[in-house]
Amino acid sequence: MWLSKNNIVFIHFWLIFLPVTFVNGQNCVLRIQGQVIDEATNAPLPFASLFLENGQKGTMADENGHFEFKDVCPGNTHIRASHLSCEPLQFYLEIKKDTSFTVRMHHHEELMNEVKVHGKYEDQSLENSGTVDQDLIQNKSNQNLADIIQEITGVSVLRTGAGVSKPIVHGMSGNRVAMLNNGVAQAGQQWGNDHAPEIDAFSANHISVLKGVSALQYSGSSLGAVILVEPGHIGDDPHLHGKANYIYQTNGRGHTLNLALEKGGENWAWRLTGTGKKIGDRSSPNYFLNNTGNQEVDASLLVELDKTKLWPKQVYFSTFNSEIGILRGSHIGNLTDLEQSFTRDVPFFTEDKFSYGIDSPKQRVNHQLLKVSTQHRFSRERKLELQYAAQLDHRREYDVRRGVRSDVPALSLNQSNHQFDLKFDQELNTLYFLKTGLTSAFTDNTNQPETGILPLIPDYNSLEEAAFGIVQREKGAWLMEVGGRVHWSTMSVAAISRDLPRRIIHDNLQFLANSLSGGVQWKASSKWSFKANLGYTERPPAINELYSFGLHQGVSSIEIGNPDIQKEKSTKFTLSSDFNLNDKLFIQALAYVNGIRDYIFLQPNPEPMLTIRGAFPVFDYMQTDARLVGFDGLLTYEPIAWLRYVGKVSLLRGQDTKQNNPLIYMPPNNFSHTLTFTFSEGKRFQQNQFTVRWDLVNRQKHYLEGQDFIPPPAAYQLLHVALQTTVFTGKKHLHLAISGDNLLNTVYRDYLNRQRYFADELGRNLSFRVSWEF
């Protein structure tokens with residue numbers, strides 16, 4: 001029997017032979033024993049504290065993580081576990097007999113390969129991956145989802161001002177990175193740099209970034225990586241539990257409120273979450289960034305049915321609703337002012353006052369997702385999964401328009417999407433494991449006629465069909481896997497001609513994209529392992545790359561697509577090594593080379609364009625051959641139980657091999673150093689931590705003069721601190737945290753922010769979090 005909380009704790013029961021006697025509630029003679037280990041490394045966690053509510057008993061594990069409770073009464077109870085530098089755990093337990101179990105605690109969340117082998121007859125990933133745990137998600141949930149994912153080594157962020165961000169994995173972003181929300185490929189208006197994932201971070205128990213063979217099983221384009229945003233399964237605890245979170249941030253005077261309720265059970269269980277955000281104008285160190293506020297209202301419901309039957313079912317619904325302001329100073333009226341805006345210290349339209357108001361230019365996004373899934377395990381060796389999902393997405397973008405027309409959207413798009421997935425897993429014999437699947441998706445994207453402006457992208461329908469297969473083999477110290485995916489898509493487009501007189505052009509496009517990948521892992525010893533992966537991936541061009549024509553309001557630029565663009569072909573090789581010394585020192589290194597034929601990119605046009613909507617930079621979609629070479633490094637050192645150092649480095653160089661020029665908009669080299677001090681725990685105060693982090697981002701020196709409207713900004717350094725504690729009051733927990741970002745109020749601009757042409761980045765921000773768990 002398996003019990004879990006947040007996918008962190010598993011409990012395996014077995015019967016210890018007892019005399020055949022009747023044990024009633026008064027015979028408190030039972031024994032509970034087990035071991036506390038690190039989830040990522042399986043190393044024992046010595047001197048962990050455990051508390052048993054049944055009988056109000058407490059104990060401490062020994063130097064090998066073993067613990068024992070004696071003279072325990074039968075019945076239902078909760079067990080609470082805590083350890084230095086670990087997130088406290090609480091889980092439900094039914095005590096009927098002597099019981100033994102293992103507690104897995106989240107101790108090394110920074111490790112890149114934390115997506116571990118889940119057990120026999122389950123998928124085993126060879127590729128280095130990373131995970132963000134629930135505690136970190138909730139501490140940073142006032143931020144954008146991509147900013148949270150950035151905590152994983154090798155992930156950067158592509159920003160559009162203060163309110164919009166998208167993840168970059170090994171130099172790949174946007175259409176090249178697939179985002180899955182609870183197992184469903186996120187379908188929305190994701191083709192733009194200013195289109196952030198429409199997912200509430202509070203709905204996730206953990207976020208994972210996968211690369212390599214295992215990514216082939218997921219829908220969506222995965223030229224860069226697959227990002228899994230997962231709510232986690234609900235346990236069997238029949239009691240109602242919940243958590244209320246409130247975060248206040250000083251920069252933007254923002255308020256974030258979340259409430260999550262959960263009730264488990266053996267046959268059915270449910271979890272309900274709701275989130276509200278209201279953030280006003282952000283500020284740089286020297287001035288307000290006017291019209292950069294945002295507000296958001298989200299909710300999700302997860303229901304698990306027939307959990308103990310042959311066909312357990314899951315129903316998931318989420319709604320995401322946001323309004324995001326775009327920096328007013330990024331929309332310029334004439335060419336002269338546009339040229340000046342690139343060199344001004346203070347953007348145009350800057351006012352020395354704060355406001356929660358959101359005026360044009362702005363965005364409004366509504367996204368609904370409904371998922372129904374079931375699975376059937378024929379035996380321990382065979383499992384079938386079925387899943388259907390429907391999504392509705394409505395995006396409206398508002399420009400500064402004359403008269404009262406600013407309330408009329410300049411872009412209004414409705415998209416509906418239907419997806420069906422079938423997966424089958426089987427162990428072929430003791431050495432081989434097979435995973436196969438089929439995917440079908442239909443998308444209808446329609447412009448609404450209310451705008452009175454030619455649409456940026458045309459109306460279109462698309463049908464996608466895909467099939468994949470992955471084979472894994474484990475023998476001794478070797479683990480090997482190979483996989484392939486075939487993706488066929490057709491797109492029917494109704495575009496408006498670019499020349500006069502205007503007319504409707506109907507195009508029917510078909511693409512066949514193949515992906516192949518293979519990997520091998522060798523465990524040289526218990527301390528050292530090596531992994532290698534070679535993959536070939538094809539990606540068809542997206543609708544914006546083919547047909548964009550007009551003002552892309554969110555990024556304050558005019559984008560021009562190219563109907564002749566062909567699919568991208570990527571060949572990527574990665575080599576990584578993990579070293580573990582006595583569970584105190586961890587060194588992880590990953591090097592990669594990615595050669596992409598017909599690489600699609602946005603090329604700045606040196607001549608800006610003056611339109612009736614203002615003057616804007618112009619970008620053209622182009623193709624070339626490219627090579628990306630990079631390195632990710634991670635070092636974790638824990639010399640003593642209360643001190644941990646984490647160092648990260650990400651290096652990347654992108655080259656246009658056709659023109660022998662640098663690729664623009666590649667993440668610059670960056671470094672991060674983090675010290676975490678954990679203080680001794682008391683009966684009431686636990687998980688007492690103080691963290692200091694120093695980030696260094698270099699100037700992007702791999703750049704050709706005149707390649708962009710302005711040169712890459714200077715290097716910068718940022719200091720961040722955080723202090724947190726957990727107060728236990730009976731069965732309730734109170735989490736308190738305060739953090740400071742850009743504590744020194746550094747003035748800087750980020751190369752990966754499209755608004756860097758007009759304004760500085762955010763200044764100092766203090767965040768205060770209170771979380772009540774009951």
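Quick notes on this structure:
- Compared with the direct C-alpha span, the chain from LYS523 to PHE579 gains 19.1 nm at full extension, assuming 0.36 nm per residue.
- Take every Cα pair under 8 Å whose residues are at least 6 apart in sequence, average their separation, divide by the length of region 178-287, and the relative contact order is 22 percent.
- The coefficient of translational diffusion for region 135-246, derived via Stokes-Einstein from the alpha carbon Kirkwood radius under 20 °C and 1.002 mPa s, stands at 146 µm²/s.
- Area accessible to solvent at LEU428, 1.4 Å probe radius, in Å²: 90
- Protein-only accessible surface order, largest first, of MET60, MET491 at 1.4 Å: MET60, MET491
- Measuring only protein heavy atoms, the 1.4 Å probe finds LYS523 accessible over about 110 Å².
- Proximal lysines relative to LYS362, as straight alpha-carbon distance under 17 Å, when same-chain residues fewer than 8 apart are discounted: LYS277, LYS278
- Cα centroids of region 137-152 and region 270-305: 12 Å apart.
- Working from Cα pairs under 8 Å separated by at least six residues, relative contact order for region 600-757 is 16 percent.
- Helical content alone sets the calculated 222 nm signal of the chain at -500 deg cm²/dmol, taking -39,500 (n - 2.57) per DSSP H segment of four or more residues and averaging over every residue.
- Relative contact order (%) - criterion: Cα under 8 Å, at least six apart; region: region 209-257: 24
- Here the chain carries DSSP beta bridges of which approximately 95% are antiparallel, counting only pairs with both residues inside.
- Considering only Cα atoms, the convex hull volume of region 284-332 works out to 116 Å³ per residue.
- If the convex hull is drawn through the Cα atoms of region 198-316, its volume per residue in Å³: 142
- Evaluating 6.51 cos²θ - 1.76 cosθ + 1.60 at θ = phi - 60° for every residue in region 743-755, the Karplus couplings come out as 4, 8, 6, 5, 8, 7, 10, 9, 4, 8, 9, 5, 8 Hz, glycine and proline recorded as x.
- Counted by Cβ distance under 13 Å from PRO541, the other residues give a net charge of -2, where Lys and Arg count +1 and Asp and Glu count -1.
- Residue-normalised accessible area of the chain, given per residue in Å² at a 1.4 Å probe: 41
- Per-selection Rg to Rh, the chain - Cα, Kirkwood hydrodynamic radius: 0.97
- Calculated from backbone phi, Karplus (6.51, -1.76, 1.60) coupling profile of region 172-184 in Hz, x at Gly/Pro: 9, 8, x, 5, 8, 10, 7, 10, 10, 9, 6, x, 10
- Under-5 Å amide H pairs with ASN76, H placed in peptide plane, nonlocal only: ILE95
- Eligible lysines near LYS57 by straight Cα distance, threshold 19 Å, same-chain separation 8 or greater: LYS70, LYS96, LYS97, LYS683, LYS731, LYS732
- Here's how it looks for ILE332: its modeled amide H is under 5 Å from those of ALA615, which are all 5 or more places away or on a different chain.
- Karplus 3J(HN,Hα) series, Hz, for region 86-95 with 6.51 cos²θ - 1.76 cosθ + 1.60 (x for Gly, Pro): 10, 6, x, 10, 9, 9, 9, 8, 9, 9
- FRET efficiency, 1/(1 + (r/R0)^6) with R0 41 Å, evaluated for ARG377 and ASN508 via beta carbons: 0.45
The values are calculated or read from the model by the stated rules, or taken from the named source; none is laboratory data. Remember, predicted model here, so these are calculated numbers, not experimental data. Quick reminder, even Gly has a Cβ in these numbers, built from the backbone with ideal geometry, and neighbours come from all protein chains shown. In case anyone asks, the SASA skips ligands and DNA or RNA and just uses the protein heavy atoms, side chains included. Shrake-Rupley method; radii C 1.70, N 1.55, O 1.52, S 1.80 Å.
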